[in-house]
Amino acid sequence: MRKLLLTTAAVAAAICLAGCSKKPAQEAVSITYDTLTDKRDGQKYRTVKMPDGKTWMAQNLNYRTDSSWCYENRADSCNKYGRLYAWDAAKKACPAGWKLPDTADWRKLVTAAGSEDEAGRKLKAKSGWNENGNGTDDYGFSTLPGGGRNSDGSFYYAGNNGFGWTATELVDNLAYFRLMYYHVGYVFENYYLKSYGLSVRCVND
């Protein structure tokens, strides 16, 4: 009986080695980098084709429009973080052929980057975040903590929070945004008054 048990175990092990230990091969993720020149003002932006299959700007938009601001009204903040846009301005700010991503675009991006729990770590820049809250920037998306602007004109949380408007509204005066926070790898979805100023990441239309 002992010999039979050993033989059976050996057969089972051989079968497992031949079949059940093999895992399905994962498809290689194709990341493509390029640049975009905004014909309206000549500014050049890095772009990246992300695992969701879409091409995104790898920098925040810095095109000057009405209802857009530099953080604390400092030009060097615009050079570093891009501009902060009220929602109505954000909807029209992207260059021709590009658009403000909606919630579906952001959700696909976050899913392709792993999950809401870990995508923030992979999408955040390797430097620039307070208290060593930097990311690994696996894809070159390089999210920076550009902060935001309240309806009363006060600025907040540069260095801590990276906000990005979506094109999806909740009700007449509210629209959704995405948030990456310096302490965690989570990517939050929430909504703000459309009069707030937040960053814009354009995606290829």
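We did not get these values from a lab; they are worked out from the coordinates using the rules stated. As the structure is a prediction and not an experimental result, all values here were calculated from the model. So basically every Cβ, Gly included, is an ideal-geometry build from the backbone, and we count neighbours across all protein chains shown.
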Looking at this structure, is Y139 among the aromatic types (F, W, Y) and surrounded by fewer than 19 Cβ atoms within 10 Å (Cβ to Cβ)?
no
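Quick one: which residue in R149, R121 is crowded, with 20+ Cβ neighbours inside 10 Å, touching a residue at least 60 places away in the same chain (Cβ under 8 Å), closer than 23 Å to A90 by Cβ and basic (K, R)? Can you show your working first?
Working: R121 fails: closer than 23 Å to A90 by Cβ.
Of the residues listed, the single one that is crowded, with 20+ Cβ neighbours inside 10 Å, touching a residue at least 60 places away in the same chain (Cβ under 8 Å), closer than 23 Å to A90 by Cβ and basic (K, R) is R149.
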Scan region 62-77 and give yes if some residue there is exposed (fewer than 14 other Cβ atoms within 10 Å of the Cβ), of a type in the set (S, T, Y) and not in a loop (DSSP other than H, G, I, E, B), otherwise no.
no
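Hey, among the residues in region 144-188 that are in a loop (DSSP other than H, G, I, E, B) and of a type in the set (S, T, N, Q), which one's nearest to L123 (Cα to Cα)?
First, pick out the residues of region 144-188 that are in a loop (DSSP other than H, G, I, E, B): 144-147, 150-154, 157-160, 172-173, 182-186.
Filter once more, so that each one left must be of a type in the set (S, T, N, Q): 150-151, 154, 160, 173.
Working: N150: 25, S151: 28, S154: 27, N160: 15, N173: 29 Å.
Filtering region 144-188 for residues that are in a loop (DSSP other than H, G, I, E, B) and of a type in the set (S, T, N, Q), the one nearest to L123 (Cα to Cα) comes out as N160.
Mind checking whether some residue in region 103-111 is in a loop (DSSP other than H, G, I, E, B) and either farther than 19 Å from Y33 by Cβ or of a type in the set (K, R) (or both)? Spell out the reasoning first.
First, the residues of region 103-111 that are in a loop (DSSP other than H, G, I, E, B): none.
So far as region 103-111 goes, no, none of its residues is in a loop (DSSP other than H, G, I, E, B) and either farther than 19 Å from Y33 by Cβ or of a type in the set (K, R) (or both).
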